[in-house]
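These notes concern the structure reproduced below.
The values are calculated or read from the model by the stated rules, or taken from the named source; none is laboratory data. Remember, predicted model here, so these are calculated numbers, not experimental data. For neighbour counting, all protein chains shown are included, and Cβ atoms are generated from backbone atoms with ideal geometry for every residue, glycine included. The area values use the complete protein model at the heavy-atom level, side chains included, leaving out ligands, DNA and RNA. Shrake-Rupley method; radii C 1.70, N 1.55, O 1.52, S 1.80 Å.
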Amino acid sequence: MPATYTSLLTHVVFSTKRRRPLITPDLEARLLPYFGGITRELRGTLLVSNSVADHVHLLVALPPTIAISEAVGTLKGSSSKWVHETFPEARSFAWQRGFGAFSVSRSNVPGVARYIERQKEHHRKVTFQEEFVRFCVDMRSMSMNGICGVDSFLSPAPRAHVPNPSCCPV
């Protein structure tokens, strides 16, 4: 086969440092399109993006030539620099170390896109920590052991309970 064909769709989630509510509506209106530009520079496509005050969700299609950790590092680093240059009053803005990245099949894109688009409504009912623990537990149930790096964090517990929110540095 003379060419490379891939479908590398990833749902990426990362939060502001200490999960502080730093993403204002004015910032969000410009930040989300900026993520699209960064993704294009990586030769990828930003399919869907959304945020709430303390974290972002991105559905990206990336080329096979870039590792997801490199892509997320570029997304976070470039956007943080841009925020500081564009919004001088946001000099305390920073992203938390770490991120969540979950592969998405083509058949699940509509559902993941809907989920990302409904983040504001969703987070009126569920906190970021509760959401991420549920997501990790659901992924673990698909035999992905050790997601978040700390198995005890995902031990059988009520899904809405956050046994150790500092475990996952998202």
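Take the residues in the range 17-28 that are more than 16 Å from the chain's Cα centre (by Cα) and open to solvent by 30 Å² or more (accessible area, probe 1.4 Å), then tell me which one is farthest from Ala90 (Cα to Cα). Checking each candidate, the answer is Pro25.
In summary, Ser49 fulfils each of the numbered conditions (1) within 20 Å of Phe132 (Cβ to Cβ); (2) free of Cβ contacts under 8 Å to residues at least 24 places away in the same chain with the single exception of condition (2).
Can you confirm whether the range 29-46 contains a residue that is assigned to a strand (DSSP E or B) and either surrounded by 14 or more Cβ atoms within 10 Å (Cβ to Cβ) or touching a helix residue (DSSP H, G or I) at 6+ places or on another chain (Cβ under 6 Å) (or both)? Yes, some residue in the range 29-46 is assigned to a strand (DSSP E or B) and either surrounded by 14 or more Cβ atoms within 10 Å (Cβ to Cβ) or touching a helix residue (DSSP H, G or I) at 6+ places or on another chain (Cβ under 6 Å) (or both). Within the set Pro2, Pro21, Pro33, the sole residue that is farther than 16 Å from Tyr115 by Cα and out of contact with any strand residue (DSSP E or B) (no Cβ under 9 Å at 6 or more places or on another chain) turns out to be Pro2. Taken over the range 54-98, the residue count meeting the criterion of being out of contact with any strand residue (DSSP E or B) (no Cβ under 8 Å at 6 or more places or on another chain), touching a residue at least 24 places away in the same chain (Cβ under 8 Å) and among the hydrophobic types (A, V, I, L, M, F, W, C) is 5. Looking at the range 48-58, is at least one residue in a loop (DSSP other than H, G, I, E, B) and surrounded by fewer than 21 Cβ atoms within 10 Å (Cβ to Cβ)? Yes, the range 48-58 has at least one match. Of all residues in the range 139-160, none satisfies being farther than 25 Å from Ser7 by Cβ, out of contact with any strand residue (DSSP E or B) (no Cβ under 6 Å at 6 or more places or on another chain), open to solvent by less than 70 Å² (accessible area, probe 1.4 Å) and at pLDDT 50 or above.
Consider Ser103 carefully, then state whether it is of a type in the set (Gly, Ala, Ser) and within 30 Å of Ala3 (Cβ to Cβ).
Taking the combined requirement at face value, the residue satisfies it.
The residues of the range 71-95 that are in a helix (DSSP H, G or I) and either closer than 23 Å to Ala113 by Cα or open to solvent by less than 30 Å² (accessible area, probe 1.4 Å) (or both), listed by number, are Ala71, Val72, Gly73, Thr74, Leu75, Lys76, Ser79, Ser80, Val83, Ala90. Contact annotation: residue pairs with Cβ atoms under 7 Å, 6 or more positions apart or on different chains, pairing a residue in the range 99-112 that is under 23 Å from Asp54 (Cβ atoms) with a partner that is of a type in the set (S, T, N, Q) and surrounded by 10 or more Cβ atoms within 10 Å (Cβ to Cβ), are Ala101/Thr10; Phe102/Thr10; Val104/Thr10.
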